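Chemist: I am attaching a structure below and will ask some questions about it afterwards.
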Amino acid sequence: MNALDVTKKMEIDSIKFYTEAAAKTKNPVGKKMFAMVIEDEKRHLEMVVQMINGMHFTAKDVSPMKQVKTVFESLKDHMMKKVEANKDEMEAFKIAMQMEKEGEAFYQESLAAAKTDKEKTLFQRLIEEERQHYVIFSNTYFYLSNTGSWFMWEERSIVEG
């Protein structure tokens, strides 16, 4: 299997895992984060398949981090309510973070071995987005595990006494 075939399998596997995790996640913030990353992974898969088929792929100018802001803004009222995430949901986010780290490492290796500019462009793009996905899952994990501290950290609150 070459790097593109492995990449295709990794994207398919991540779509499957994130879809299952989203279906099991009760917390609306967690569910939205998985759903958002699923769409990114589908876009990645489309780019990889285009590359495998010898087509020119188009990397849409998408920023997962900008999309997160929209998700949090749309759920702001709900986020103020304390909704506990269960152990399985928390474990799914840990696994997701590990998957994104491993994906980035693989894409780094693939970038180093890439022979064409098209492959280099693809792997650079995937590396960038995997890093953003890791941050998204990490922040979501922090939010779900300690909502009060997350709000203080994200809002840069000052505790006055």
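Chemist: I'm trying to understand the selection: among the residues of the stretch 6-64, which are within 12 Å of the chain's Cα centre (by Cα), under 26 Å from Ala114 (Cα atoms) and at pLDDT below 90?
Modeler: Residues satisfying the conditions are Ser63, Pro64.
Chemist: Do we find that Asn53 is polar (S, T, N, Q), farther than 16 Å from Gly103 by Cβ and touching a residue at least 60 places away in the same chain (Cβ under 8 Å) in this structure? Give the steps one after another, and end with the answer.
Modeler: Numbers: polar (S, T, N, Q): yes; farther than 16 Å from Gly103 by Cβ: yes; touching a residue at least 60 places away in the same chain (Cβ under 8 Å): no.
No, not satisfied.
Chemist: A further question follows. Restricting to the stretch 5-45, give me the number of residues that are in contact with a helix residue (DSSP H, G or I) (Cβ under 9 Å, 6 or more places away or on another chain) and either without any contact (Cβ under 8 Å) to a residue 12 or more places away in the chain or among the aliphatic types (A, V, I, L, M) (or both).
Modeler: Selection size over the stretch 5-45: 18.
Chemist: Would you say Glu91 is exposed (fewer than 15 other Cβ atoms within 10 Å of the Cβ) and either of a type outside the set (Gly, Ala, Ser) or in contact with a strand residue (DSSP E or B) (Cβ under 6 Å, 6 or more places away or on another chain) (or both)? Outline the logic, then answer.
Modeler: Working: exposed (fewer than 15 other Cβ atoms within 10 Å of the Cβ): yes; either of a type outside the set (Gly, Ala, Ser) or in contact with a strand residue (DSSP E or B) (Cβ under 6 Å, 6 or more places away or on another chain) (or both): yes.
Yes.
Chemist: Does Ala114 qualify as being surrounded by 12 or more Cβ atoms within 10 Å (Cβ to Cβ), modelled with pLDDT of 90 or more and of a type in the set (A, V, I, L, M)? Let's see the steps before the verdict.
Modeler: On the way: surrounded by 12 or more Cβ atoms within 10 Å (Cβ to Cβ): yes; modelled with pLDDT of 90 or more: yes; of a type in the set (A, V, I, L, M): yes.
Judged against the criteria, Ala114 is a match.
Chemist: On to the next question. In the stretch 1-45, how many are of a type in the set (A, V, I, L, M, F, W, C), within 13 Å of His133 (Cα to Cα) and in contact with a Phe, Trp or Tyr (Cβ under 6 Å, 6 or more places away or on another chain)?
Modeler: Number satisfying all stated conditions: 3.
The values are calculated or read from the model by the stated rules, or taken from the named source; none is laboratory data. Because the structure is a prediction, the values reported are computed rather than measured. Cβ sites come from the backbone with ideal geometry, for glycine too, and all protein chains shown count toward neighbours.
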